[in-house]
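Data block below; observations after.
The values are calculated or read from the model by the stated rules, or taken from the named source; none is laboratory data. Note that the coordinates shown come from a computational prediction; the quantities given were computed from them, not determined experimentally. A quick note on method: Cβ atoms are made from the backbone with ideal geometry, for glycine too, and the neighbour counts reach across all protein chains shown. Surface areas here come from the heavy atoms of the whole protein model, side chains and all, with no ligands, DNA or RNA. Shrake-Rupley method; radii C 1.70, N 1.55, O 1.52, S 1.80 Å.
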Amino acid sequence: MRSFHDFTGGVADAASRLRHLRASGAEVAKLAVTATRLADLVGLAALGRADAGHTVILAMGEPGVASRV
């Protein structure tokens with residue numbers, strides 16, 4: 001597993017970060033970014049569905065609670 005955590009944001013470049021993690025050769029990629037609004041979760045969920053089974057994506061911060069349940 002390879003992981004990346006962005007405590008200051010990172011939602012806008014989440015797809016790029018995820019590609020970088022997957023390119024590292026890790027079997028599982030974990031991406032944790034800080035959501036600032038609920039709408040941030042829509043794009044993150046789409047990223048997770050696109051690579052189901054090999055990716056863990058979660059959003060930190062109050063708006064990200066739903067991604068951690």
- Message: If a residue must be assigned to a loop (DSSP other than H, G, I, E, B), in contact with an Asp or Glu (Cβ under 6 Å, 6 or more places away or on another chain) and open to solvent by less than 30 Å² (accessible area, probe 1.4 Å), how many such residues does the range 1-38 contain?
- Response: 0
- Task: Of all residues in the range 21-66, count the ones that are basic (Lys, Arg), out of contact with any His (no Cβ under 8 Å at 6 or more places or on another chain) and within 12 Å of Ser3 (Cα to Cα).
- Result: 1
- Message: If a residue must be under 11 Å from the mean Cα position of the chain (by Cα) and among the hydrophobic types (A, V, I, L, M, F, W, C), how many such residues does the range 24-41 contain?
- Response: 6
- Name the pairs: first residue in the range 34-55 and at positive phi, second residue surrounded by fewer than 16 Cβ atoms within 10 Å (Cβ to Cβ), Cβ to Cβ under 9 Å, at least 6 apart or on different chains? Gly53/Val28
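Consider Arg49 carefully, then state whether it is at pLDDT 95 or above, out of contact with any Pro (no Cβ under 9 Å at 6 or more places or on another chain) and surrounded by fewer than 19 Cβ atoms within 10 Å (Cβ to Cβ). Explain how you work it out, then say what you get.
Details: at pLDDT 95 or above: no; out of contact with any Pro (no Cβ under 9 Å at 6 or more places or on another chain): yes; surrounded by fewer than 19 Cβ atoms within 10 Å (Cβ to Cβ): yes.
Spelling it out, it is not the case that Arg49 is at pLDDT 95 or above, out of contact with any Pro (no Cβ under 9 Å at 6 or more places or on another chain) and surrounded by fewer than 19 Cβ atoms within 10 Å (Cβ to Cβ).
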- Does Gly61 satisfy being under 11 Å from the mean Cα position of the chain (by Cα), open to solvent by less than 50 Å² (accessible area, probe 1.4 Å) and of a type outside the set (A, V, I, L, M, F, W, C)? no
